[in-house]
Every structure is written in C-alpha cells, then in structure tokens.
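Heads up: the structure comes next, in structure tokens.
The values are calculated or read from the model by the stated rules, or taken from the named source; none is laboratory data. The shown structure was predicted, so the numbers you read here are calculated from the model rather than taken from an experiment. Positions of Cβ are generated from backbone atoms using ideal geometry, with glycine treated the same way; all protein chains shown enter the neighbour counts. In case anyone asks, the SASA skips ligands and DNA or RNA and just uses the protein heavy atoms, side chains included. Shrake-Rupley method; radii C 1.70, N 1.55, O 1.52, S 1.80 Å.
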Amino acid sequence: MSLDGSARRFIPVAKLEDIPKLGARRYCRDDGKVIAVFRTESDSVFALADACPHKGGPLSQGIVFGESVACPLHNWCISLASGEATAPDEGRVERFDVRIVDGMVELAP
Ligand code: FES
C-alpha cells in the first residue's frame, strides 16, 4: 500500500492461493526486472526484487520464515517488509507495494 498518498497502479498478478505458503512466485516486468511476491504463513504478502543484495541470488527460491527470507545462495536473511539484510550483513533490496483484494494479489511494479 502506498504510504505517501500517491496514486499507484496496482495490477493483479496471482490468486493468493496460487502462491505457496512460505513461498513465492515471480513476476517479470516489461523491462526484464524480476519481482518476487512472497506469502507468509499468516497470509501476508510482500514483494521484493528477485535479487539478493549480496551477490544477486534468487530470493524467490529462498526459505521464508516469519516475515523474512533466507537467500538460497549464502543464507543472508532479508526482511520482507523493508528489503534490508539482517545484521551483521548489510544491504538492501528494492521493495514494491503489494496488496490483497478479494483474494487476488495485486502488485505495484
Ligand atoms: S547471493 Fe544471497 S546471500 Fe549471497
């Protein structure tokens, strides 16, 4: 959801039930950028660029726990809400607004 009040264009990308719990689905933008849309155990959704801030690992293939994801390559943990790596690691991945409307996951890519 937009925090600054600006009008963002959300597009439907999947039914919530089509994203595995504690998993992710990938959305490819027209410019080739890949966005990972995550679903937590409690059915919250988050969206991050599908590239770890360490060496670009595919976060969509990581392990989701709580509201974090562990990168499959070197196990950095990334906050799904902020995109920030958990200390002592440092770095941040781009995050995107995402919401659920009538069971559909909508993304503002
Ligand atoms: S590329 Fe993700 S932890 Fe190294």
Task: Exposure of Lys15 as accessible area (Å², to 10), given a probe of 1.4 Å and all protein chains - done: 100 Å²
Open item on the list: How large are Rg and Dmax for the stretch 11-107 when calculated on the C-alpha trace, in angstrom?
Closed with: 12.3, 39
- [ ] Show the residues, 5+ positions off or on another chain, whose built amide H is closer than 5 Å to the amide H of Gly57.
- [x] Cys52
Task: Backbone HN-Hα couplings from phi across the stretch 23-32 [Karplus 6.51/-1.76/1.60, Hz, Gly and Pro as x] - done: x, 8, 10, 9, 10, 9, 6, 4, 7, x
- [ ] Quick one: compute the contact order of the chain, relative version, from alpha carbon pairs under 8 angstrom and 6+ residues apart, as a percent.
- [x] 28 percent
Task: Unit charges on C-beta of K, R, D, E only; dipole of the chain, Debye - done: 220 debye
Task: Calculated from backbone phi, Karplus (6.51, -1.76, 1.60) coupling profile of the stretch 84-101 in Hz, x at Gly/Pro - done: 8, 6, 7, 4, x, 6, 10, x, 8, 10, 5, 10, 10, 6, 8, 8, 10, 10
- [ ] Order Cys28, Cys52, most accessible first, counting only protein heavy atoms with a 1.4 angstrom probe.
- [x] Cys28, Cys52
Task: Whole-percent carbon and sulfur share, accessible surface of the stretch 11-107, 1.4 Å - done: 47 percent
Task: Under-5 Å amide H pairs with Leu22, H placed in peptide plane, nonlocal only - done: Arg39, Thr40, Glu41
Open item on the list: For the ranges 37-45, 56-64, what's the packing order if you count other beta-carbon atoms within 10 Å of each residue, average per peptide, and put the highest first?
Closed with: 56-64, 37-45
